[in-house]
1. Excluding residues fewer than 8 places away in the same chain, name every one of the aspartates and glutamates whose C-alpha is closer than 12 Å to that of Lys84.
2. Pulled fully out, how much extra length does the chain show between His24 and Arg39, if you take 0.36 nm times their separation in residues and subtract their Cα-Cα distance?
3. Mind jotting down the distance between the C-alpha centroids of region 2-36 and region 97-149, whole Å?
4. What chymotrypsin sites (Phe, Trp or Tyr not before Pro) does region 71-121 have in DSSP loop regions with at most 13 other beta carbons within 10 Å?
5. Can you work out the Karplus-derived ³J(HN,Hα) for every residue in region 24-35? Use 6.51 cos²θ - 1.76 cosθ + 1.60 with θ = phi - 60°, whole Hz, and x for glycine or proline.
Amino acid sequence: MKSFEEFVESRQKMDPSSLRFNEHQWKQAYTAYLSARQRVREGGGDSASSNSGGTKRRRRNESKNSRGMHNPSVLSEAGILKAKIRQQSAYADLRLIIDVLAWFAMGVVVVIALLGMLGGFNAYSVLSALIEGVLGVLVVFVAKFLIHVIIDIPDVALYLEVRERELGEGNQENTQNQ
């Protein structure tokens, strides 16, 4: 488990906006970090024996009301890892901007394709405009996903470094206990 100073240092590396935190906010963040680590160690903390009914109900309602949060439908290791990294990412706002711009670009491509189809006088020009529209939408989708991958690269590197450091600290504690 990280000390308060180690937590502050790693959080500042991961989230540049945390540089503006005051002492009270840091204490709240560290307390939340410790409770989350405790829940993970206990196996998720979502069982009826570890929670009262009110806490369980509140968590269920919070998960329904959290807009924009998507849990991967396939619970593979890669999907879980991607969700965990994106949850701790400092680039969530940039990812949202990319999504909005991609949807806007797709809308523009579709409108241009529809206008091209309306202006066509024969089947060839209508089909040509339709194919250009479909290809344009595919290009926008591919570009969006590639940009997301590029955005994820620093987050993945930071996650691996932090995980490696935590595993190294765990091994040091194990050798000291023996």
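Only the coordinates and a few stated rules stand behind these numbers; no lab work does. The structure presented is a predicted model; accordingly, all values stated were derived computationally and were not measured. Reconstructed Cβ throughout: ideal geometry from the backbone, glycine too, with neighbour counts over all protein chains shown.
1. Partners within reach: Asp152, Asp155.
2. On the way: separation 15, 0.36 × 15 = 5.40 nm, distance 2.26 nm.
Full-extension gain reported as 3.1 nm.
3. 44
4. Values: sites: Tyr91, Trp103, Phe104, Phe121; in loops: Tyr91, Phe121.
Listed in order of number, the matching sites are Phe121.
5. 5, 5, 5, 5, 5, 5, 5, 4, 5, 4, 5, 5
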